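Only one structure is covered here, and it is reproduced in the block below.
None of the figures in this text is laboratory data; all of them are computed from the coordinates on show. These numbers were taken from a predicted model, which means no experiment stands behind them. Backbone-built Cβ (ideal geometry, glycine too); neighbour counts: all protein chains shown.
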Amino acid sequence: MGKWKQHILSAKITWSRLTEDELLKCGGQVGRLVALVQERYAIVRAEAYRQVKVFIGRLQR
């Protein structure tokens with residue numbers, strides 16, 4: 001996700017438990033974002049991946 005900084009607000013709205021600093025550090029890398037979502041929301045990796053995929057799909061519209 002090349003324009004990650006532009007999407008941080010959307011990510012914060014989607015996952016309010018993630019901090020802006022964490023989102024900046026992940027740099028839009030899918031694997032890192034999945035790990036953050038999984039950890040903060042105590043969900044299985046497959047569900048975190050699904051949520052990230054849906055989020056990315058919305059951004060690409």
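Mean projection of the alpha-carbon convex hull of the chain over all orientations, in nm²?
3.5 nm²
Mind giving me the nanometre distance, one decimal, between the label points for Leu59 and Ile43, set 7 Å out from Cα along Cα→Cβ?
Roughly 1.6 nm, to one decimal.
Do the sum for the chain: with -39,500 (n - 2.57) for every DSSP H run of n ≥ 4, divided by all residues, what is the mean residue ellipticity at 222 nm, to the nearest 500 deg cm²/dmol?
It lands at -22500 deg cm²/dmol.
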